[in-house]
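Contents: one structure, followed by commentary.
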Amino acid sequence: MVMTDTTRGNGRTVDGRLGASRQTKFVLDESRIPRAWYNIAADLPTASPPVLHPGTGQPIGPDDLAPLFPMALIGQVVSREREIEIPDPVREVYALYRPSPLIRAHRLEKALATPAHIYFKYEGVSPAGSHKPNTAIAQAFYNKEQGVKRLATETGAGQWGSALALAGSFFGLEVKVFMVRVSYDQKPYRRILMETYGAQVVPSPSRDTEYGRRLLAEDPEHPGSLGIAISEAIEDVVTTKDTKYSLGSVFDFVLLHQTVIGLEAREQMEMAGEKPDILIGCIGGGSNFSGLVFPFVGEKLRGDNDYRVIAVEPEAAPSVTRGKYAYDFGDTGKMTPLVKMHTLGSDFVPAPIHAGGLRYHGMAPLVSLLAEQGVIEARAVHQRSTFEAGVQFARAEGILPAPESNHAIRVAIDEAVRCREEGVGRVILFNLSGHGHFDLSAYERFLAGQLEDHEYPAERVSAALAGLPTVAV
Ligand SMILES: Cc1ncc(COP(=O)(O)O)c(C=O)c1O
């Protein structure tokens, strides 16, 4: 094979194979599905702050989490092993869509006239259309193994609910989904997909829980939020036999399961003969971002390599860029354990942006810790600019992205344009976390010029932050 040396604008020299330099897809064989997840806890310079009991304010132990999760998942949260083996039945289901492709966005590079090389890892190839099955399949497997019969969960955009409905049907578990009311109304087809996989779906706030009924009494048109839907799902779990709670983001074990994305991407970047300079992902609760970047961040923490890592959030829910790093509840009903994270206050209900999966008041504790320590950076973007980026991407690359993923694309494009302006060629890798085939009404509104930007809701955030719990730790 002919080898050429290409000196990139960042001064680094990389080997680019002549044939490979025009290659578009980097595809791994099924045998290359990772055999272990990467556990970043092994490489953190300081341990994560403890998780606290919502009633006592004291650090919790495995027994406190046992009503919610199977022991195998609780064990993963406390593990400090760098590698955690992926069970064979999970890898067998992964094989339906993994390894996912890494794609070089040649046409977007050309459209932007940028010297940057832009790569994206495409998670929209999963049956549910996003990265969410990577953890749904694992969670369903461990629950089934422990004899659980039924799972309850929340969903924002409907992507997570679809993923768990799919996984539940594969492992023979009943699934009940509390779907945030605005998404339930905006996305009827997501609900139908979940029902087709066999799940029961209700709009949240719902009449099925004490908490939901209380909120509906105050406001029958309540738009709901992820924080509220989580409270309803937890109430369902603690009041129903043989039922456990499943969640699509935030918790350490969810982020762990998503690392298959970055582990594959690292191998695929090697196939492409390149090393990323900048890694980008959108953040709602932090799972797709962490899934892509953690294996690279591990190298950074160990001092083996350096990367710029950017998490992108909506201006309507800017938890990392404008929130406070403090102990808070993960839900609005104050039922979850207290975790230290970037938060806008658990009472904060974000504006009804179309990226429903990013409408969350908090952030994964691991993402918050890394942002606090300056290992990663965060940026907030407005709704309309993300759709502009998504449409530009669709016209160049053909894939219609999920509104959440458009946040990552916005910053990838901004960084590529900066490369053009500075005359520097950098390698950019971002996570295309899902497709937007169920989000066409949002695109329709954007194309008709009807989408709004929502300014930073300073007053509502300070009101919500005033209600932060006081903890002794
Ligand atoms: C396609 C897509 N991307 C991103 C997200 C945000 O979640 P997370 O930050 O956990 O990846 C969601 C959540 O529903 C989603 O559906």
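Summary of values
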| read-out | value |
| --- | --- |
| Qualifying residue in region 330-341 (condition: within 16 Å of the ligand (Cβ to nearest atom), among the hydrophobic types (A, V, I, L, M, F, W, C) and over 25 Å from Phe438 (Cβ atoms)) | yes |
| Any hit, region 292-312, residues being open to solvent by 10 Å² or more (accessible area, probe 1.4 Å), among the aliphatic types (A, V, I, L, M) and out of contact with any strand residue (DSSP E or B) (no Cβ under 9 Å at 6 or more places or on another chain) | yes |
| Test for Pro115: is it out of contact with any strand residue (DSSP E or B) (no Cβ under 7 Å at 6 or more places or on another chain), over 17 Å from Leu247 (Cβ atoms), of a type outside the set (Val, Ile, Thr) and away from the ligand (no atom under 12 Å from the Cβ) | yes |
| Of all residues making up region 152-180, the number that are crowded, with 24+ Cβ neighbours inside 10 Å and over 26 Å from Pro403 (Cβ atoms) | 1 |
| Restricting region 105-150 to residues that are assigned to a strand (DSSP E or B) and open to solvent by 20 Å² or more (accessible area, probe 1.4 Å), the residue that is farthest from Met194 (Cα to Cα) | His117 |
| Subset of region 394-410 [closer than 15 Å to Lys121 by Cα and within 14 Å of the ligand (Cβ to nearest atom)] | Ile399, Leu400, Pro401, Ala402, Glu404, Ser405, Asn406, His407, Ala408, Ile409 |
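The values are calculated or read from the model by the stated rules, or taken from the named source; none is laboratory data. Just so you know, these numbers come straight off a predicted model, no measurement behind them. In this analysis, Cβ positions are derived from the backbone assuming ideal geometry, glycine residues included, and neighbour counts consider all displayed protein chains. The accessibility values were calculated without ligands, DNA or RNA, using every heavy atom of the protein model including side chains. Shrake-Rupley method; radii C 1.70, N 1.55, O 1.52, S 1.80 Å.
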